[in-house]
Amino acid sequence: MKRIHSKAGKLLVLASSLLLLSSFARSADDKDQSDINKRLDESAKVLNEVMSVPDKAIPDKVMRDAKCIAVIPSMVKIAVGFGGSHGKGVASCRTEAGAWSAPAPVTITGGSWGLQLGGQAIDLVMVIMNDQGMQHLLSSKFKLGADASAAAGPVGRDAAADTDWKMKAEVLTYSRARGIFAGVDLNGSAITQDKDETRVLYGKFMPFADILSGKVPPPEPSRPFLVSLQKYSAQSAEHGEVSTSSPDSASK
């Protein structure tokens, strides 16, 4: 009888442990989903705030000609040997149809440039300007300055960006700290696909190129970010509203 009670007790403890682990796993999944949804909202907010001040915004021509745009809200300084920086955000590219693709979670890790900004969190916007830069982004891992040429982007909605030498760069980079928005040198920073957050956002892993080429339908939480991209790249009137349906259903 004692042995039976002993086995029953062990089974009860095991069942309780499994339930507890399951609860922790669900809590972690919920937190991860909340994190990526918040990052999408913050990315939309960064674009809206940056573009709301015409004389300090990304030039209209830059936004219109952009092949891809990545936003990294709240990049922070980290201590890795000599010091560095790290941030997470999302990227989207124009598809062959001219609309913006579903967002792809990205991670950027850079050098010690963040030290001169006092180490505070800063917002980053990266604008990929040509097909070569777009192909580098689609590769899901590249380094600015080594694999893709980068330059601090011109500022001012009416800036004559088309005559600026910086327009020859594949990637134009911007930062915002303490309310100041300006071009920033990100050479040496590595940009990669955030595979963990990709799984959280889409329920399973999706290849970077599939997402950014328009093969993956955008999830509902990405709507504010995509609406902002359309608004400031002058695409909403030309290509219609954002659709959260799949490419197949849209063609029916």
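The values are calculated or read from the model by the stated rules, or taken from the named source; none is laboratory data. Predicted model, so just to flag it, every value in this text is computed and none were measured. Quick reminder, even Gly has a Cβ in these numbers, built from the backbone with ideal geometry, and neighbours come from all protein chains shown.
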Next on the checklist: Can you pull out every residue in the range 31-74 that is in contact with a Cys (Cβ under 7 Å, 6 or more places away or on another chain) and not in a loop (DSSP other than H, G, I, E, B)?
Outcome noted: Cys68
Checklist entry - closer than 15 Å to Val71 by Cβ and at pLDDT below 85, is that true of Arg157? => result no
Checklist entry - What are the residues in the range 137-157 that are of a type outside the set (A, V, I, L, M) and either within 30 Å of Val53 (Cβ to Cβ) or touching a Cys at 6+ places or on another chain (Cβ under 7 Å) (or both), if any? => result Gly145, Ser149, Gly153, Pro154, Gly156, Arg157
Checklist entry - Among (1) modelled with pLDDT under 85; (2) under 19 Å from Cys68 (Cβ atoms), which single condition is Thr198 missing? => result (1)
Next on the checklist: Out of everything in the range 60-77 that is within 24 Å of Asn37 (Cβ to Cβ) and surrounded by fewer than 19 Cβ atoms within 10 Å (Cβ to Cβ), what residue ends up being modelled with the lowest pLDDT?
Outcome noted: Val76
Checklist outcome for this item: Pairs returned, first residue in the range 189-206 that is of a type outside the set (Gly, Ala, Ser), second residue that is in a strand (DSSP E or B) and surrounded by fewer than 15 Cβ atoms within 10 Å (Cβ to Cβ), beta-carbon separation under 6 angstrom, 6 or more apart or interchain, are Thr192/Lys141
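Each row is one residue, and each column tells you yes or no for (1) part of a strand (DSSP E or B); (2) modelled with pLDDT of 65 or more.
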site: Phe82; (1), (2): no, no
site: Lys88; (1), (2): yes, yes
site: Ser92; (1), (2): yes, yes
site: Thr107; (1), (2): yes, yes
site: Gln120; (1), (2): no, no
site: Met126; (1), (2): yes, yes
site: Gln135; (1), (2): no, yes
Next on the checklist: Consider the range 50-73. How many of its residues are out of contact with any strand residue (DSSP E or B) (no Cβ under 8 Å at 6 or more places or on another chain) and closer than 17 Å to Gly89 by Cβ?
Outcome noted: 1
Item to check | Subset of the range 204-252 (residues that are outside any helix (DSSP H, G or I) and modelled with pLDDT under 90) | outcome: Ser233, Ala234, Gln235, Gly240, Glu241, Val242, Ser243, Thr244, Ser245, Ser246, Ser251, Lys252
